[in-house]
Amino acid sequence: MQMRIWSLLLISSFIAPLAGCERGAPAPKAEHDHSKHHHEAAEAPAQPKTDEPAGPSIETSSFLLAVAPAQPKYTAGKGGEVEIALEGRGEWHVNQEYPIRVDLRAADGVTLKKNELVKDDAKEFGEDKVRFLAAVEPSAAGDHEVTCDVSFAMCTEENCILEKRTVAMQLKVE
């Protein structure tokens, strides 16, 4: 009997969070109610996803995602930053409630201060634009790739689309 109770408790602890996405979620802003549209794990209509880095930017009909130098030059032994920016296009906006995340990787010769950036790390966080600055410290001259895997959601009044895209740039170090 006691084993049965524990089993029921265990099962209910897994089912309860699935009962509704509204439970425990922050209240939506007055100007946009996410409960009025469908959330789905689909890709944006304009560009298919690939496993290969798409280069320094990806632009679709719903967003522009880019990684770029945040300063004019990088020098070995001196810290610097790269910028990761996400902007909505047309009627699409960044879902403020979705836990946006940037996973960073760098080639040998570049050290990252953080390998993961989240909402609290953003320098700018709004429906129109989200912007992160990732601290880097190059240790050797040359070209070194910095790769960003970005998880986010773009929404219209009717729909939200979950995205995971990869952008990469060459950090030119003197």
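Readers should treat all values here as calculations from the given coordinates under stated rules, not as data from a laboratory. All of these numbers come straight from a predicted model, not from anything done at the bench. Backbone-built Cβ (ideal geometry, glycine too); neighbour counts: all protein chains shown.
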Q) Of these, Ile100, Ile161, which one is closer than 12 Å to Phe63 by Cα and hydrophobic (A, V, I, L, M, F, W, C)? A) Ile161
Q. Could you say whether any residue in the stretch 145-158 is of a type outside the set (A, V, I, L, M, F, W, C), in a strand (DSSP E or B) and closer than 19 Å to Asn95 by Cα?
A. yes
Q: For the stretch 82-103, indicate whether the set of residues that are of a type in the set (Asp, Glu) and over 19 Å from Phe152 (Cα atoms) is non-empty.
A: no
Q: Restricting attention to the stretch 133-152, report how many residues are over 16 Å from Gly79 (Cα atoms) and either aliphatic (A, V, I, L, M) or touching a Phe, Trp or Tyr at 6+ places or on another chain (Cβ under 9 Å) (or both).
A: 4
Q | Odd one out for Gly80 among (1) out of contact with any strand residue (DSSP E or B) (no Cβ under 7 Å at 6 or more places or on another chain); (2) within 29 Å of Lys172 (Cα to Cα) | A | (1)
(Q) Show the residue pairs meeting these rules: Cβ distance below 8 Å; 6+ apart or different chains; first residue within the stretch 147-169 and without any contact (Cβ under 8 Å) to a residue 12 or more places away in the chain and within 11 Å of Leu86 (Cα to Cα); second residue surrounded by fewer than 22 Cβ atoms within 10 Å (Cβ to Cβ) and of a type outside the set (Val, Ile, Thr). (A) none
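Yes/no matrix, rows are residues, columns are (1) surrounded by 15 or more Cβ atoms within 10 Å (Cβ to Cβ); (2) more than 17 Å from the chain's Cα centre (by Cα); (3) over 22 Å from Glu163 (Cα atoms):
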{"site": "Gly55", "(1), (2), (3)": "no, no, no"}
{"site": "Ile58", "(1), (2), (3)": "yes, no, no"}
{"site": "Val67", "(1), (2), (3)": "yes, no, no"}
{"site": "Gly80", "(1), (2), (3)": "yes, yes, yes"}
{"site": "Ala85", "(1), (2), (3)": "yes, no, no"}
Q.
Anything in the stretch 111-140 that is surrounded by 14 or more Cβ atoms within 10 Å (Cβ to Cβ), in a loop (DSSP other than H, G, I, E, B) and small (Gly, Ala, Ser)? List them, or say none.
A. Ala122
